[in-house]
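Taking it in order: structure first as structure tokens, then the write-up.
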Amino acid sequence: MSSSSPILGKAAQVVIIGGGVSGALIAARLAEHGFHVITLEKAAIGNGSSGRSAAGIRTQWGTPDSVAGMLYSEWFYTHFHDLLHSAPDDQTWVIRQNGYLFLYEHPELSLPPWQLGRRRAATQAWQAAQAYVAMQRKLGVSVEVLEPREVQRHWPHILAERLIGATWGPYDGFLNHDLIYSRGFARAQALGAELRQHVEVTGARTHGGRILSLDTTAGSVEGDWFINATGAWAPRVSRSIGGMELAIAPVKRFLYSLKPARPIMSAEAWSAMPMTMYGVGPERGAYSRPDGEILMTGWAHEALSEPDFTDDEQDAIPPEFHHQYGLENYGYAILAEIERFAPDLANCGGLHATTCGYYEMTPDSNPLIGADANIENLVHAAGFSGHGLMHAPITAAVVEAIITGEVKDGLMRLPPPCAERHISLDTFDPSRDFSQSHREMLVF
Ligand SMILES: Cc1cc2nc3c(=O)[nH]c(=O)nc-3n(C[C@H](O)[C@H](O)[C@H](O)COP(=O)(O)OP(=O)(O)OC[C@H]3O[C@@H](n4cnc5c(N)ncnc54)[C@H](O)[C@@H]3O)c2cc1C
């Protein structure tokens, strides 16, 4: 590092831009480390995707560094209240480990002979699943391969005859997103960090390849390090403060709530249903999970990037995506997809709510966590491609390692209790060459 390197250690001031889960857990972690932390949020915390998420968490990934990172994230969330020092009488649930079930359709039994391409894709998806499971197990993940009959035995509403098999992560599940960012910031503030809401970053004063201070709607804010944790806004924010172009495309994603009109299983079985992916591969990947008495469903449709979206557009629902738009809307297309695998579930009620928000997609669907190419004291933590909630604990650990200089030859040792593992930060480097980088395939 040059002599003008940012100050390391307890005296340093770190300015985080963005009040979502990433900003919150980075703030808590850095405050715990002894940094003086200031977070700037242009609206109220949770203004972005963090308050709009399906909140799934899984260790079943196709990228080894994400698998290892997610083992740490799952450990973090299962110890959340201890780690964030929640009061004993104030420990609302943060993670429900209902498991994550990937259903793989049978190429011949599930698809007609004239859908040759689909059959081929289903065969390839199942072959890839075997390789992923082998890699995940090697990294220490508890993941099982289930036969169709076993799937139906555990979850009788799923048709065995549709399946060639399934992969099952019993410790995966879903998270309480609002709790994560509110508690993350509360912990950071208890350690002396500042949270300034309704303060928008508009520019920066730079010198010699470093940011000296940020321009905001409430005056300038100086710091030694600056963290861009602004999710789908991250490319705009980076540009406005002299940082690199970030390969992030904001794309709209919708969630639907199905309200059961009649019970199709016991209340216990309903609330224990896993996050379920109905088929894997091109044009597959509709999913559902219980949300109290409701079934939450979603899917990833082909969508254009909206680089200049406004805050209000986060909640804008075009008619063809609104559940009240007859049966010709995307919500019912999702139910039709679920119906192929679980007809009783798909038909047990009607849709009663549509919500939405932005995914921040990168070309290889892996996040951008790392140093800026132009500005020495700027670190990006964005581009989570629809998975930033589960990434947030490991993201915070990566940011900490970068600014404390603990990254050696591009490798970072995971924090305890996962300290026997390293991850390569090249996988997440914002400057990586996307034509060569590892593409994550298990993205929905
Ligand atoms: C429908 C949907 C389903 C999802 N499902 C999952 C899932 O199952 N699992 C999962 O892990 N993830 C999921 N995600 C993704 C996850 O929600 C996001 O990746 C995550 O919330 C990103 O958090 P963040 O803190 O990085 O960004 P955000 O929560 O988007 O926060 C960024 C913040 O930056 C602020 N900001 C922007 N510009 C400025 C500025 N100039 N100055 C100051 N502040 C600024 C914004 O107001 C915002 O509050 C889903 C997302 C959606 C939309």
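Being polar (S, T, N, Q) and assigned to a loop (DSSP other than H, G, I, E, B) is the filter here; which residues of the stretch 362-396 pass it? So that I can check it myself, show each step before the final result.
Residues of the stretch 362-396 that are polar (S, T, N, Q), as a first pass: 362, 365-366, 374, 377, 385, 395.
Within the stretch 362-396, 362, 365, 366, 374, 377, 385 qualify.
Inside the stretch 222-238, residues that are among the hydroxyl-bearing types (Ser, Thr, Tyr) and within 6 Å of the ligand (Cβ to nearest atom) make up a count of 1.
Where residues in the stretch 23-38 are more than 14 Å from the ligand (Cβ to nearest atom) and not in a helix (DSSP H, G or I), which of them is nearest to residue 233 (Cα to Cα)?
Taking the stretch 23-38 as the starting set, the residues that turn out to be more than 14 Å from the ligand (Cβ to nearest atom) are 30-37.
Within this subset, residues satisfying the condition of being not in a helix (DSSP H, G or I) are 34-37.
Working: 34: 28, 35: 25, 36: 24, 37: 21 Å.
Ranking the candidates gives 37 first.
Taking the stretch 143-213 and the strands (runs of 3 or more DSSP E) fully enclosed by it, the elements with 3 or more residues that are among the aliphatic types (A, V, I, L, M) are at 163-169.
Looking at the stretch 74-107, which of its residues are charged (D, E, K, R) and open to solvent by less than 40 Å² (accessible area, probe 1.4 Å)? Break it down stepwise before answering.
Residues of the stretch 74-107 that are charged (D, E, K, R), as a first pass: 74, 82, 89-90, 96, 105.
Passing the criteria: 74, 105.
When we screen 359, 332, 287 for residues that are of a type in the set (Phe, Trp, Tyr), more than 30 Å from residue 213 (Cα to Cα) and within 22 Å of the chain's Cα centre (by Cα), the only hit is 287. Scanning the stretch 252-285 for residues that are within 25 Å of residue 118 (Cβ to Cβ), within 13 Å of the ligand (Cβ to nearest atom) and outside any loop (DSSP other than H, G, I, E, B) yields 253, 254, 256, 275, 276, 277.
Filtering the stretch 39-56 down to residues that are assigned to a strand (DSSP E or B) and near the ligand (Cβ under 6 Å from one of its atoms), which residue is surrounded by the most Cβ atoms within 10 Å (Cβ to Cβ)?
To start, the set of residues in the stretch 39-56 that are assigned to a strand (DSSP E or B) comprises 39-41, 56.
Remaining after also requiring near the ligand (Cβ under 6 Å from one of its atoms): 40-41, 56.
Details: 40: 25, 41: 27, 56: 23.
Out of the qualifying residues, it is 41.
Within the stretch 18-30, being open to solvent by 10 Å² or more (accessible area, probe 1.4 Å) and either within 26 Å of residue 357 (Cα to Cα) or aliphatic (A, V, I, L, M) (or both) holds for 20, 22. Only a single item in (1) open to solvent by 40 Å² or more (accessible area, probe 1.4 Å); (2) touching an Asp or Glu at 6+ places or on another chain (Cβ under 9 Å); (3) in contact (Cβ under 8 Å) with a residue 24 or more places away in the chain; (4) within 12 Å of the ligand (Cβ to nearest atom) is not met by residue 218, and it is number (3). The residues on offer are 189, 197, 130, and the sole one that is surrounded by fewer than 22 Cβ atoms within 10 Å (Cβ to Cβ) and not assigned by TED's automatic domain parsing to the domain that holds residue 32 is 130. If you go through the stretch 320-335 and keep only what is open to solvent by less than 70 Å² (accessible area, probe 1.4 Å) and under 28 Å from residue 50 (Cα atoms), you end up with 321, 322, 323, 329, 330, 331, 332, 333, 334, 335. The set of residues from the stretch 73-87 being within 17 Å of the chain's Cα centre (by Cα) and among the small types (Gly, Ala, Ser) comprises just one member, 73.
Scan the stretch 241-255 for residues that are within 21 Å of residue 37 (Cα to Cα) and not aliphatic (A, V, I, L, M) and the total you get is 1.
I want to confirm something. Restricting to the stretch 338-357 and keeping residues that are part of a helix (DSSP H, G or I) and touching a Phe, Trp or Tyr at 6+ places or on another chain (Cβ under 6 Å), which single residue is farthest from the ligand (Cβ to nearest atom)? Break it down into steps so the answer makes sense when it comes.
At the first step, the residues of the stretch 338-357 found to be part of a helix (DSSP H, G or I) are 338-341, 343-346.
When the remaining residues are screened for being touching a Phe, Trp or Tyr at 6+ places or on another chain (Cβ under 6 Å), the result is 338, 341.
On the way: 338: 16, 341: 19 Å.
Among those residues, the one meeting the criterion is 341.
For the stretch 390-407, indicate whether the set of residues that are more than 24 Å from the chain's Cα centre (by Cα), hydroxyl-bearing (Ser, Thr, Tyr), modelled with pLDDT of 95 or more and more than 25 Å from residue 104 (Cα to Cα) is non-empty. The answer is yes; a qualifying residue exists.
Tally up the residues in the stretch 112-122 that are closer than 26 Å to residue 169 by Cα and either crowded, with 18+ Cβ neighbours inside 10 Å or aliphatic (A, V, I, L, M) (or both), please. Show your work before the answer.
So in the stretch 112-122, the residues closer than 26 Å to residue 169 by Cα come out as 118-122.
So of that shortlist, the ones also either crowded, with 18+ Cβ neighbours inside 10 Å or aliphatic (A, V, I, L, M) (or both) come out as 118-119, 121-122.
Residues in the stretch 112-122 being closer than 26 Å to residue 169 by Cα and either crowded, with 18+ Cβ neighbours inside 10 Å or aliphatic (A, V, I, L, M) (or both): 4 in total.
When the stretch 359-402 is filtered for residues that are crowded, with 24+ Cβ neighbours inside 10 Å and away from the ligand (no atom under 16 Å from the Cβ), only 377 remains. Among the residues of the stretch 205-249, those identified as farther than 16 Å from residue 431 by Cα and either assigned by TED's automatic domain parsing to the domain that holds residue 335 or of a type in the set (S, T, N, Q) (or both) are 206, 213, 216, 217, 220, 230, 240.
The values are calculated or read from the model by the stated rules, or taken from the named source; none is laboratory data. Keep in mind it's a predicted model, so treat the numbers as computed, not measured. Here the Cβ is made from the backbone with ideal geometry for all residues, glycine too, and neighbour counts use every protein chain on show. Each accessible area value is taken on the protein alone, full model and side chains, heavy atoms only, with ligands, DNA and RNA left out. Shrake-Rupley method; radii C 1.70, N 1.55, O 1.52, S 1.80 Å.
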